[in-house]
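Asks: Here's a structure for you.
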Amino acid sequence: MSSQQPVDVVLVGGGIMSATLAAMISTLEPTWKIEILERRPALAEESSNPWNNAGTGHAALCELNYTPERPDGTIDISKAVAINEQFELSRELWSFLLTSGRLPDDAFLSPAPHMTFVRGAADVDYLRRRADALRAHPHFANLEFTTDPEVIRDWAPLLMLDRDPGEPVAATRAPEGTDVDFGALTRALVQDVADRGATVSLEQEVRGLRQRRDGTWRLRVRDLRWNASPRRRTIDARFVFIGAGGGALRLLQKSGIREAKGYGGFPISGQFLRTTNPDVVRQHQAKVYGKADVGSPPMSVPHLDTRMVDGQAALLFGPYAGWSMKFLKHGSPLDLIRTIRPGNIVPMAAVGLHNLDLLKYLIGELTASPTRRLRTLRAFMPTAHPRDWELITAGQRVQVIKKDRAKGGVLEFGTELVAAADGTVAGLLGASPGASTAVATMLDLLDRCFPDRAESWAPRLRAMMPALGGQDWDDALALHQMAEGDQVTSEH
Ligand SMILES: Cc1cc2nc3c(=O)[nH]c(=O)nc-3n(C[C@H](O)[C@H](O)[C@H](O)COP(=O)(O)OP(=O)(O)OC[C@H]3O[C@@H](n4cnc5c(N)ncnc54)[C@H](O)[C@@H]3O)c2cc1C
């Protein structure tokens, strides 16, 4: 059965990306018919679930990989500035929705100072130079730096308890850092668009899509409810956003658009250690990022995080990498194989050959014993006791593999927005910087898929996000593209 009239916008997937885009479009075009289709029985059960990600509001306040060192020893802060501005856009949209009464409260956003903690003389020196470079920029003027163990103990006691007093240490702290429950935010955003007339359908899996002669898309949908009748239906749409997380690559491939050719995906799963012991949790109120080991991928940067989920505080430490062929946590072991196409075999094979370091790292992580995991945690928190910590499985990341003239294929750790030239369908691949910069990513999408509306939407967008007013919208998007396209990685 097909719907009579095409809906204006279909969003595939009920995660933070679809929720953000739905909120923006329903503000810009309140009369448009919007439909969200989610395969799971609830929203935000994949990467956007609070226990499937680290909940860091990435604003480049603590992640070392946004401030690489140049060969001459100076620190390049341009990516940090871009990420910081993108997160500001997210905060402005949330604030607009809150003050308009469209979000019930800001319980999804908790203050959690962002810290960076390093050990050893070389890293202490780097952190000092990084802090100096960042503090010269107005966005980072509040960044505090110290090498005094007493000050660090004051900021985050668990880092210093029982630590070797002879070891050089340093830390920075940004008091304005945040912890974000992206699951709660997703649900609140979707509730808002549903209240404004959007249709939200759960247990509806999009199995395929094809473009019709008139340019609209016909989606094949399977109703997964046990008593569904009929089980299959189609929905027609003028615009489709494939916000299916790990499921996006396969649907983009099925759409047949030229722009999706050559892309592949490489799944990396994650695990965290979590404690809810109130005696431990009480002693740590910060997100503390460290430095990744030499040769390990950027998403492996260890961090000890305060989390606030459903009003309950917890501490999270990790991530530890895992490996599975699934592209979604609730996916199938055949996910990887199903995305292999003649067009992406070369890039995928090339990535395998050129990323032996990553392979070595993954094997090391997969074979890591509980004792080794504890040792990594104790490098951060020397007094950690195994009885307080449980191992939990986080979301699946599907890193983007794309063609590369010189190497045949490259593995990227950023996100990639893939949009058809006619702007009728777009999908999002990759995982970083992720949920924090969803608003900037969706602005990019609006710009690319609705160019004829850019002029009429610009004043409304600026009213929602005043940070866009100070600069040209195109400048904001250029910053976003720089941060996302440049193999930018975030330390989740
Ligand atoms: C371990 C880890 C740590 C992270 N830490 C952070 C962090 O600290 N800060 C941060 O900002 N970001 C972080 N991220 C990234 C962030 O979680 C993701 O970028 C973000 O959640 C992606 O949102 P999404 O809506 O694209 O995908 P998802 O939340 O995965 O949503 C996709 C939805 O699509 C549904 N779906 C899939 N296929 C279909 C289909 N065929 N039909 C219908 N529905 C479908 C899925 O069920 C799912 O609900 C982390 C990610 C991971 C994995």
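Coordinate-derived values only; no laboratory data. Just so we're clear, the structure is a prediction, and the values are computed from it rather than from any experiment. Virtual Cβ from ideal backbone geometry, glycine too; neighbours counted across all protein chains shown.
Asks: Residues with beta-carbon under 14 Å from that of Thr393, excluding Thr393: net charge, scoring Lys, Arg +1 and Asp, Glu -1? Intermediate values should be presented prior to the final figure.
Replies: Working: positive: Arg274, Lys326, Lys329, Arg373, Arg397; negative: Glu45, Glu46, Glu365, Glu390.
Value of the local net charge: +1.
Asks: Next question, about the same structure. Less than 11 Å Cβ to Cβ from Ala198, Lys/Arg counted +1 and Asp/Glu -1: what total charge do the surrounding residues give? Can you show the working numbers first?
Replies: Numbers: positive: Lys33, Arg196; negative: Asp8, Glu35, Asp192, Asp195.
With Lys, Arg at +1 and Asp, Glu at -1, the net is -2.
Asks: Placing +1 on the Cβ of each Lys and Arg and -1 on the Cβ of each Asp and Glu in the range 1-115, which of Gly101, Leu89, Pro113 has its Cα farthest towards the positive end of the resulting dipole?
Replies: Gly101
Asks: Calculate the length of the line joining the C-alpha centroid of the range 449-471 to that of the range 173-198, in whole Å.
Replies: About 21 Å separates the Cα centre of the range 449-471 from the one of the range 173-198.
Asks: Send over the per residue convex hull volume for the range 264-412, Cα only, as a whole number of Å³.
Replies: Hull volume over Cα atoms, normalised by residue count, gives 123 Å³.
Asks: Taking 2.2 N^0.38 Å as the expected size of a compact globular protein, what ratio does the Cα radius of gyration of the chain give against it, to two decimals? Let's see the in-between values first.
Replies: Working: Rg = 22.3 Å, N = 492, 2.2 N^0.38 = 23.2 Å.
Ratio of Rg to 2.2 N^0.38 Å for the chain: 0.96.
Asks: Say each of His385 and Ile345 gets a label point 7 Å from the Cα, pointing the same way as Cα to Cβ; how far apart are those two points in nm?
Replies: 5.7 nm
Asks: Per-residue HN-Hα couplings for the range 26-31, Karplus 6.51 cos²θ - 1.76 cosθ + 1.60 at θ = phi - 60°, whole Hz, x for Gly and Pro?
Replies: The phi angles translate into 5, 7, 6, 9, x, 8 Hz.
Asks: A further question follows. Per 0.36 nm of contour for each residue apart, how much would the distance between Thr393 and Ala42 grow if the chain were fully extended, relative to their Cα-Cα spacing?
Replies: That works out to 124.5 nm of additional length.
Asks: So for the pair Lys360, Ala122, with labels modelled 7 Å out along Cα→Cβ, what separation do we get in nm?
Replies: Result: 1.6 nm between the two label points.
Asks: Next question, about the same structure. Residue by residue, what Karplus-based ³J(HN,Hα) values in Hz, rounded to whole numbers, does the range 359-373 have, using 6.51, -1.76 and 1.60 with θ = phi - 60° and x for Gly and Pro?
Replies: Computed from phi, the couplings for the range 359-373 are 4, 4, 4, 5, 4, x, 5, 5, 9, 5, 7, x, 5, 5, 4 Hz.
Asks: Still on this structure: Take peptides 16-22, 451-457, 214-220 and line them up by average Cβ neighbours within 10 Å, highest first, as a rough protection proxy.
Replies: Details: 16-22: 29.1, 451-457: 12.3, 214-220: 16.1.
Highest to lowest by the protection proxy: 16-22, 214-220, 451-457.
Asks: Once you list every other residue whose beta carbon is under 10 Å from the beta carbon of Gly55, what net charge do they have if Lys and Arg are +1 and Asp and Glu are -1?
Replies: That works out to -1.
Asks: Quick one: Karplus J couplings for the range 11-19, per residue in order, coefficients 6.51, -1.76, 1.60, θ = phi - 60°, nearest Hz, x for Gly and Pro?
Replies: Result, ordered by residue: 10, 8, x, x, x, 5, 5, 4, 4 Hz.
Asks: While we're here: Could you point to the residue in Thr234, Gln204, Val193 farthest towards the positive end of the chain's charge dipole, with +1 and -1 charges on the Cβ of Lys/Arg and Asp/Glu respectively?
Replies: The Cα lying farthest towards the positive end belongs to Thr234.
Asks: Okay, next question. Averaging over all projection directions, find the projected area of the Cα convex hull of the range 53-162 and quote it in nm² with one decimal place.
Replies: On the way: hull surface 35.0 nm².
Mean orientational projected area (the range 53-162, Cα hull): 8.7 nm².
Asks: What is the calculated FRET efficiency for Ser332 to Asp8, with r their C-beta to C-beta distance and R₀ = 25 Å, to the nearest 0.05?
Replies: That gives a FRET efficiency of 0.20.
Asks: So what's the back-of-envelope 222 nm ellipticity for the chain, counting only DSSP H runs of four-plus at -39500 (n - 2.57) apiece and dividing by all residues, rounded to 500?
Replies: It lands at -10000 deg cm²/dmol.
Asks: Still on this model: Tell me, in nm to one decimal, what length is gained between Ser324 and Arg222 on full extension, where the rule is 0.36 nm per residue of separation less the Cα-Cα distance?
Replies: Result for the pair: 34.2 nm of gain on full extension.
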